[in-house]
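Below: one structure, written as structure tokens.
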Amino acid sequence: MLLAELNVRHTRRHMPTRRVALDDGYLPTSGSAFGGVLLGAVIAEHAPGLDEEQFDALSRLVDSARDGLTVPRIALRYRLQTDTHGLDLSRHRIISADVEVGALRPVLELDRHGPPAPQVIAALMAAAALPPSGRRVAFRFVDAAVARPGFLPEGLEVRRMFEGLPGLRPFPPGARAPRASTAADEWRGVPSERRWAMEVLGLRSGMLVEREDVQRRFRRLVRLAHPDHGAGSAGAAQRIAELADARELLLDLVDSADAQPAG
């Protein structure tokens, strides 16, 4: 059963820009307040990964977020925005593991495939976006996390996901967590950046990534996305930029593999 979920959208590692946004989530602050627990855990987990300048600025951002954050804005050298197009997904959640009837064993799942700063920023954005009563509850957990970075809440089983789960959409609050599908198993072990680029260009898991095939797929998909060839103009520029990013990432991987010594 889903108890809380935070979906962070952020710039992919290979891209030069720094952007962060929020996607749909579930952050309850009544009862056991698992939404606040999750926000505090995300900050506690990732705050130690901030550089010195970002960590020094964190307390000021927390103080600003108590009364709500205006977006867009710049914080910790990232642009905070609402547009999620083309951004990577890091998903953090608390679920209830399958145990005896009437028993509750919360499991904290922390997505560690992305950089730390966007996770901290997004947790503060989510806390700031809550109604005043829920915000006060959430910031009790935020303050505890900032005071003791690296110390996670007690009573939770912790699972760290270093490959992430790109493409998996949130499921409804109270719904039972789905088991990993066959498709997800096929991508197991593939870094999230590579999976994203392969999916953008229509490559399936297990397919050999070759330079000519990447270029051919890129040219075909750009034609399909371009308004000059009948596609709609809305979102065309973003789609073409996404295709270009995916092509660049996969070609870099091909070049790196070719540069490796044989044997």
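Counting only strands (runs of 3 or more DSSP E) that sit completely within region 46-146, zero hold 3 or more residues that are among the basic types (Lys, Arg). Filtered by the rule that a residue be open to solvent by 50 Å² or more (accessible area, probe 1.4 Å) and within 19 Å of Arg9 (Cβ to Cβ), region 113-161 gives a lone residue, Ala129.
For the condition at pLDDT below 95, more than 17 Å from Pro131 (Cα to Cα) and open to solvent by 20 Å² or more (accessible area, probe 1.4 Å), what is the one hit in Ala97, Ala103?
Step by step, each of Ala97, Ala103 is checked, and only Ala103 is at pLDDT below 95, more than 17 Å from Pro131 (Cα to Cα) and open to solvent by 20 Å² or more (accessible area, probe 1.4 Å).
Within region 78-88, the set of residues being modelled with pLDDT of 90 or more and closer than 24 Å to Gly36 by Cβ comprises Tyr78, Leu80, Thr82. With the structure loaded, tell me whether His46 is open to solvent by less than 10 Å² (accessible area, probe 1.4 Å) and either touching a Lys or Arg at 6+ places or on another chain (Cβ under 8 Å) or of a type outside the set (A, V, I, L, M) (or both) or whether it fails that test. Answer is yes for this residue. Screening the candidates Glu45, Glu53, Glu5 for the property of being without any contact (Cβ under 8 Å) to a residue 60 or more places away in the chain and among the charged types (D, E, K, R) yields one hit, Glu53. Among the residues of region 242-258, is there at least one that is part of a helix (DSSP H, G or I), open to solvent by 80 Å² or more (accessible area, probe 1.4 Å), within 26 Å of Leu89 (Cα to Cα) and modelled with pLDDT of 85 or more? Yes, region 242-258 contains a residue that is part of a helix (DSSP H, G or I), open to solvent by 80 Å² or more (accessible area, probe 1.4 Å), within 26 Å of Leu89 (Cα to Cα) and modelled with pLDDT of 85 or more. Residues of region 60-81 that are within 20 Å of Pro132 (Cα to Cα) and surrounded by 12 or more Cβ atoms within 10 Å (Cβ to Cβ): Leu61, Val62, Ser64, Ala65, Arg66, Gly68, Leu69, Val71. For Asp228, the requirement of being farther than 26 Å from Thr11 by Cβ, part of a helix (DSSP H, G or I) and open to solvent by less than 30 Å² (accessible area, probe 1.4 Å) is not met.
The values are calculated or read from the model by the stated rules, or taken from the named source; none is laboratory data. Everything numeric in this text was worked out from a predicted model, so none of it was measured. Because the Cβ atoms are built from the backbone with ideal geometry, glycine has one as well, and the counts that use them run over all protein chains shown. Note: accessible area is taken over every heavy atom of the protein model, side chains too, but ligands, DNA and RNA are not part of it. Shrake-Rupley method; radii C 1.70, N 1.55, O 1.52, S 1.80 Å.
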